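Below you'll find the structure, written out as structure tokens, and then a few comments.
The values are calculated or read from the model by the stated rules, or taken from the named source; none is laboratory data. Predicted model, so just to flag it, every value in this text is computed and none were measured. Heads up, the Cβs are rebuilt from the backbone with ideal geometry, glycines too, and the neighbour counts pull from every protein chain shown. Only protein heavy atoms, including side chains, enter the accessible area calculation; ligands, DNA and RNA are left aside. Shrake-Rupley method; radii C 1.70, N 1.55, O 1.52, S 1.80 Å.
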Amino acid sequence: MDMTYVLIVKALIAIGIGALIGLEREHHSEDAFVIAGARTYPLVALFGFVLSVLSWYDTGTGPAYPYMVHVGLVITAVYASLIIYLRYSQDHYGVTSSMALMITYLIGALVGMGNTILNIYTVMGVFTGVVATYFLIEKRRIHRIAEELSSKEIISAAEFILVLLVLLPLALSIEGAIDPYNLVGPGLLFDPAWILTIVIFVSAISFMSFMIIRIHGSHKGLLFAGLFGGFVSSEAATVLSLIHI
């Protein structure tokens with residue numbers, strides 16, 4: 001595939017994601033004091049894209065400018081800090097726009113990496129852009145959920161993260177050799193990793209249905225729990241439904 005075509009398509013992808021974030025920032029601004037909006041964010045994404053291409057594009061003797069992404073990151077960070085300063089000087093508080101600007105630059109840099117249109121970096125950039133836009137759009141709902149969460153629910157979330165990021169990796173590393181009877185370990189009679197995977201899967205469904213209940217009401221939350229819980233077992237679906245009654 002012609003490299004010029006690849007770069008043009010990838011540049012349009014970066015600009016499109018930047019424009020999406022910029023439109024959200026300007027449209028949902030709570031005041032008229034907008035420093036970075038619908039034009040700034042796509043330009044920042046394009047800035048990250050161009051510097052990324054300069055950093056990896058091989059001229060025959062290697063990349064001509066291998067550290068341009070790092071330089072651009074510093075420049076973007078300075079600009080983001082300036083936005084924070086200007087907003088605070090006008091009694092407008094918050095750092096969300098500045099963080100969104102940094103993420104937009106990194107998205108442009110990710111999309112610019114690689115010599116093909118569809119690669120892991122482009123997919124990561126698009127995914128990051130969609131997730132970032134969602135969190136920006138759902139600002140009020142997220143804040144409302146955070147205010148309504150109880151200490152018990154926060155502890156439950158922390159326990160879920162502990163199981164997912166600590167206990168599951170430990171269980172996956174268990175070898176049958178540590179058990180003299182060769183009964184404990186991956187693929188053996190007692191498989192802690194498989195048990196924890198089921199626990200995580202059911203807990204994730206429960207958490208998602210809880211979030212849907214908080215955002216869209218109990219009917220959709222119970223529908224979600226019943227649908228996906230049924231993939232595990234009918235007992236799991238029943239338990240998940242009872243949790244939210």
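Observations on the model:
- Nearest-0.05 FRET efficiency for Leu86 and Ala158, computed from C-beta distance (R0 45 Å): 0.75
- Ranking by accessible area, most exposed first, for Thr197, Thr4 with a 1.4 Å probe: Thr4, Thr197
- Rounded, prolate or oblate (a/c below 1.5 giving rounded, otherwise prolate when a/b exceeds b/c) for the range 1-97 by Cα gyration tensor: oblate
- What the range 1-118 shows is 56 Å² of accessible area per residue, with the surface traced by a 1.4 Å probe over protein heavy atoms.
- Relative contact order of the range 86-144: 25 percent, from C-alpha pairs under 8 Å at least 6 residues apart in sequence.
- Separation of the Val9 and Arg39 label points, Cα + 7 Å toward Cβ, nm: 3.1 nm
- Per-residue Karplus couplings for the range 72-84, computed as 6.51 cos²θ - 1.76 cosθ + 1.60 with θ equal to phi - 60°, are listed in order as x, 5, 5, 4, 5, 5, 5, 5, 5, 5, 5, 4, 4 Hz, Gly and Pro entered as x.
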